[in-house]
Amino acid sequence: MMEHLPALIIAIPLLGAFAAPLFKRHHKAVSIWAILITGITLIVSLLLTREVLVKGILVYVFGAKSPTLVLPSGYKVPIRIMFEVDALGAFMAISATLMSFVGALYSYSHVAHESGLEKYYSLLLLLEVGILGMVLTGDLFNLFVFMEIAGISGAALVGFRSYRGEASEAGIKYLIISAVASLMVLFSVALLYGEYGNLNLAYIAKNIKFGVVDLIAFGLLFTSFAMKCGAVPMHYWVPDAYTEIPAGGNPPLLVATYANLYALFRVSFTLFTNIVINISRAGWIMVILGVLTMFIGVTMALVQKDVKRLMSYHAISQTGYMLLGVGVGLTVLHDPSKLMEFGRDAIAGGLFHVINHIIYKSLLLMTAGALFYVTGTRNLDNMGGLARKMPITTISFMIGAAAISGLPPFNGFASKLIIYETSYMLNPILTVFAMVTSILTLASFVKVFASAFLGPPLKKYENVKEVPKPMLIAMIILAALCVIFGLFPKIILDKLIYPAADALINYLQYHSWGGLA
Amino acid sequence: MNPMTLRTPSGYWNPIIWVIFLILFGLVAYLIYKAGNPKYRRDTDQVKPFLSGNLETDKEKIQVRASDIYWGFIEALKEYYGVLERMHTGDIRDYILWFVGMAAIITVILIGGI
């Protein structure tokens with residue numbers, strides 16, 4: 001049973017997605033079905049992570065006599081599609097399944113009055129399938145296929161409220177951006193397949209030569225994944241998509257964005273680290289993109305008055321921290337002394353920020369969804385005095401805002417502290433940008449807090465009440481995680497983050513399919 | 001205590017001091033709130049602001065709106081925001097152009113052209 005976990009984690013939400021339309025006439029039933037499926041998938045991901053942390057890399061070969069039969073007798077190359085799950089993949093799988101569960105729970109009330117809910121939940125589960133496939137696969141073409149699944153289902157979710165023109169426009173934009181990125185990924189995969197005759201990531205990584213065609217493939221893969229994770233100046237689709245998707249779809253869409261960030265890290269560390277004479281070149285590109293992303297993202301956020309759009313620009317800005325942290329590690333990857341001194345910690349800081357950001361940004365987008373749910377507007381100019389009416393949403397917002405601003409003792413502080421220190425060791429200017437970004441982030445959330453929650457109570461919101469319980473529970477879960485991850489960062493780092501960082505650094509393990517061949 | 005201590009390359013961080021500080025701060029704030037002003041009477045004229053004898057303006061009219069916050073900051077950085085505004089056209093063709101441009105730059109750097 002345990003050896004089939006990598007297949008089950010995809011099969012369960014896939015079954016859930018295709019069965020969801022059967023509940024067409026039972027809106028509550030389809031919501032409960034989605035919560036159940038995402039809950040089971042979350043448990044499977046926890047089991048899978050435990051297996052990976054205990055046994056090391058897990059390989060699952062589809063269609064083989066045994067799931068671990070990488071090279072059938074007589075073959076010197078892998079011929080079947082396989083999943084290769086290391087600590088980094090498992091870490092991303094937990095993020096994906098947790099956020100899909102929380103998103104489904106929140107959606108129970110948030111989209112209850114919408115029509116076509118069976119389609120909504122079907123797409124939500126398909127998005128989860130796409131993300132999980134992307135982070136678990138060990139096959140480049142498979143990565144493209146799952147990227148397409150996530151892109152198409154994500155675009156349909158963004159345009160779910162099709163009666164709003166803006167939602168349809170945002171959905172189409174996301175679809176086109178996803179299609180262009182996927183096309184470039186497919187082209188790069190074709191270049192590599194033409195050269196090496198194989199699609200297995202570990203096989204290509206082991207055999208890859210230093211050639212111009214390889215580097216063109218690397219450049220295209222790098223840029224495509226950077227665009228899909230919202231790096232500046234290719235971030236324009238993010239505010240549209242994050243603003244228009246129903247708030248329950250925000251957490252999985254956020255993880256879908258970071259599945260592309262995962263792919264960027266995987267390609268840079270695992271696939272190309274051997275061939276580039278000076279990998280620090282790629283590291284510096286990542287660092288510069290990171291600095292641009294966090295600074296331009298936050299300054300754009302500061303001037304927004306649409307609460308979800310403001311938070312979307314913050315999502316862009318926070319991606320910059322991740323690129324900065326992991327980029328610092330990539331820059332010194334081939335310098336053992338610097339890698340031990342601060343490179344490993346920088347990668348860990350960047351990855352820790354991924355999960356921290358997924359948690360608090362999902363929480364903040366949900367509080368924005370709660371504001372929209374009760375006021376019917378996202379315009380901060382039309383809000384005010386809601387703290388008295390929505391105390392739990394207010395406290396959840398305060399925790400999320402403190403966490404994203406890097407205030408201790410919440411989770412954002414722990415990861416930002418590591419990023420500040422390690423980026424300082426590479427170049428102090430980087431830390432200045434990171435800290436200024438944090439200050440502007442706090443300023444921006446003070447603006448949201450003051451205009452939406454504080455101030456005199458407005459007459460038009462006299463009869464407003466706190467949002468329904470499922471929405472509150474989803475927000476409370478994430479707020480609690482912000483506090484727990486902030487109070488016990490060492491446990492999270494030791495159990496989840498450092499193994500994931502080591503998986504990126506010790507790429508030879510991945511190249512040998514966890515020692516199986 | 002150990003599970004709470006985060007070791008970083010240059011030192012360590014332990015949130016326990018902050019937690020103690022927050023609890024103490026909350027306690028002091030609560031005590032001050034609880035002590036209150038014994039002469040305070042809710043819903044009487046004494047809670048109304050004194051505006052030199054003028055009537056109080058409708059609260060919705062004097063509310064500080066989100067657009068007004070950081071006006072000075074945005075005004076001071078008008079040129080910077082002008083550039084950003086021109087970049088954010090909302091046109092999907094421009095999105096793709098940025099992508100193509102970045103792909104070209106990144107690929108050239110990786111190949112070693114720069």
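Structure notes:
- Here A:Glu114 meets each of (1) assigned to a helix (DSSP H, G or I); (2) in contact (Cβ under 8 Å) with a residue 60 or more places away in the chain; (3) among the acidic types (Asp, Glu) with one exception, condition (1).
- In the range A:175-191, residue farthest from A:Phe272 (Cα to Cα) [restricted to those that are facing chain B (nearest Cβ under 10 Å) and surrounded by 21 or more Cβ atoms within 10 Å (Cβ to Cβ)]: A:Ile177
- Only one of the numbered conditions (1) at pLDDT 95 or above; (2) within 17 Å of A:Leu124 (Cα to Cα); (3) not hydroxyl-bearing (Ser, Thr, Tyr) is not met by A:Arg161, and that is (1).
- Check on A:Ser444, assigned to a helix (DSSP H, G or I), touching a residue at least 24 places away in the same chain (Cβ under 8 Å), in contact with a Lys or Arg (Cβ under 8 Å, 6 or more places away or on another chain) and farther than 20 Å from B:Pro9 by Cα: no
- Failed criterion for B:Val64 (all others in (1) at pLDDT below 95; (2) closer than 30 Å to A:Val185 by Cβ hold): (2)
- Residues of the range A:200-213 that turn out to be open to solvent by less than 10 Å² (accessible area, probe 1.4 Å) and small (Gly, Ala, Ser), as a count: 2
- Hits in the range B:11-23 (condition: among the aliphatic types (A, V, I, L, M), open to solvent by less than 100 Å² (accessible area, probe 1.4 Å) and more than 8 Å from chain A (Cβ to nearest Cβ)): B:Ile16, B:Ile20
- When the helices (runs of 4 or more DSSP H) confined to the range B:51-114 are screened for residues that are closer than 25 Å to A:Leu440 by Cβ, those reaching at least 2 such residues are found at B:71-76, B:78-87, B:92-111.
- Only one of the listed residues (A:Tyr242, A:Tyr321) is part of a helix (DSSP H, G or I), open to solvent by less than 10 Å² (accessible area, probe 1.4 Å), in contact with a Lys or Arg (Cβ under 8 Å, 6 or more places away or on another chain) and farther than 26 Å from A:Glu421 by Cα. That residue is A:Tyr242.
- Options A:Tyr373, A:Tyr360; residue that is over 24 Å from A:Ile497 (Cα atoms) and part of a helix (DSSP H, G or I): A:Tyr373
- Matching option when the condition is open to solvent by 10 Å² or more (accessible area, probe 1.4 Å), modelled with pLDDT under 95, part of a helix (DSSP H, G or I) and among the aliphatic types (A, V, I, L, M), among A:Ile277, A:Ile216: A:Ile216
- Condition met for A:Ile37 (within 17 Å of A:Pro252 (Cβ to Cβ), at pLDDT 95 or above and surrounded by fewer than 23 Cβ atoms within 10 Å (Cβ to Cβ)): no
- Screening A:Pro233, A:Pro252 for residues that are within 9 Å of chain B (Cβ to nearest Cβ), touching a helix residue (DSSP H, G or I) at 6+ places or on another chain (Cβ under 6 Å) and either touching a residue at least 24 places away in the same chain (Cβ under 8 Å) or surrounded by fewer than 24 Cβ atoms within 10 Å (Cβ to Cβ) (or both) leaves exactly one candidate, A:Pro233.
- Some residue of the range A:388-396 being β-branched (Val, Ile, Thr), surrounded by fewer than 24 Cβ atoms within 10 Å (Cβ to Cβ), outside any helix (DSSP H, G or I) and more than 20 Å from the chain's Cα centre (by Cα): no
- Residue match in the range B:94-108 (condition: open to solvent by 50 Å² or more (accessible area, probe 1.4 Å), within 11 Å of chain A (Cβ to nearest Cβ) and small (Gly, Ala, Ser)): yes
- Condition met for A:Thr257 (modelled with pLDDT of 95 or more and within 9 Å of another protein chain (Cβ to nearest Cβ)): no
- Taking residues in the range A:481-507 that are farther than 16 Å from A:Met340 by Cβ and polar (S, T, N, Q), and partners anywhere that are open to solvent by 30 Å² or more (accessible area, probe 1.4 Å) and outside any helix (DSSP H, G or I), not one pair has Cβ atoms closer than 8 Å while being at least 6 places apart or on different chains.
- Flag if B:Arg7 is assigned to a loop (DSSP other than H, G, I, E, B) and either over 30 Å from A:Leu302 (Cα atoms) or open to solvent by 100 Å² or more (accessible area, probe 1.4 Å) (or both): no
- Residue selected from the range A:255-274 under the condition under 18 Å from A:Val332 (Cβ atoms) and either open to solvent by 10 Å² or more (accessible area, probe 1.4 Å) or among the aromatic types (Phe, Trp, Tyr) (or both), by the criterion farthest from the chain's Cα centre (by Cα): A:Asn274
- Meets criteria (within 11 Å of another protein chain (Cβ to nearest Cβ), under 28 Å from the mean Cα position of the chain (by Cα), at negative phi and open to solvent by 80 Å² or more (accessible area, probe 1.4 Å)) for B:Asp58: no
- Long-range neighbours under 7 Å by Cβ, at least six apart or interchain, first residue touching a residue at least 60 places away in the same chain (Cβ under 8 Å) within the range A:62-77, second among the hydrophobic types (A, V, I, L, M, F, W, C) and open to solvent by 70 Å² or more (accessible area, probe 1.4 Å): A:Thr68/A:Leu516; A:Val70/A:Leu516
- Restricting the range A:431-472 to residues that are facing chain B (nearest Cβ under 10 Å) and more than 18 Å from B:Ile69 (Cα to Cα), the residue that is least open to solvent (accessible area, probe 1.4 Å) is A:Leu458.
The values are calculated or read from the model by the stated rules, or taken from the named source; none is laboratory data. This is a predicted model, so every value here is computed, not measured. All Cβ positions, even for glycine, are placed from backbone atoms using ideal geometry, and neighbour counts span all protein chains on display. Accessible surface is based on the protein model in full, side chains and every heavy atom, while ligands, DNA and RNA are left aside. Shrake-Rupley method; radii C 1.70, N 1.55, O 1.52, S 1.80 Å.
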